[in-house]
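Scroll down for the structure; my scribbles are underneath it.
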Amino acid sequence: MMIATGYVRTFDKLGRFVIPKKTRKLLGISKLQPLEIFVKDQQIRIEKYTEKCKFCGSKNIQEIFKKVYICKKCSSDLRRSDNYEILKNDFNLKIIK
Ligand SMILES: [Zn+2]
């Protein structure tokens, strides 16, 4: 459900757009929070950025491999592959959950 905030803003000369502090505070968005921009049907949607699985895009992150995030299912698929032990030993695969 979309809620009108009553704020109307324009882009500045450098093309920047400010989300009002009250809105950021309401949503728990800090100054350092990465945000991701989506576009659909002439609308812009901005969400807090969360790491996604490199292979399927899932947000259910299970492992990090050389700064690559991997979800539970892809991790399971990887474990079943013949290369898993090589990857685990050679690259120090880190299990986070
Ligand atoms: Zn995945």
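Laboratory data are not the source of any read-out in this text; all were calculated from the coordinates shown. Worth saying up front: this structure is predicted, and the values here are computed from it rather than measured. Don't worry about glycine lacking a Cβ; one is built from the backbone with ideal geometry, like all the others, and counts go over all protein chains shown.
A protection proxy built from the mean count of other Cβ atoms within 10 Å ranks the segments 59-72, 17-30, 36-49, most packed first, as 59-72, 17-30, 36-49.
For Tyr69, the amide hydrogen comes within under 5 Å of the amide hydrogens of Lys54, counting only partners 5 or more places away or on other chains and with H modelled in the peptide plane.
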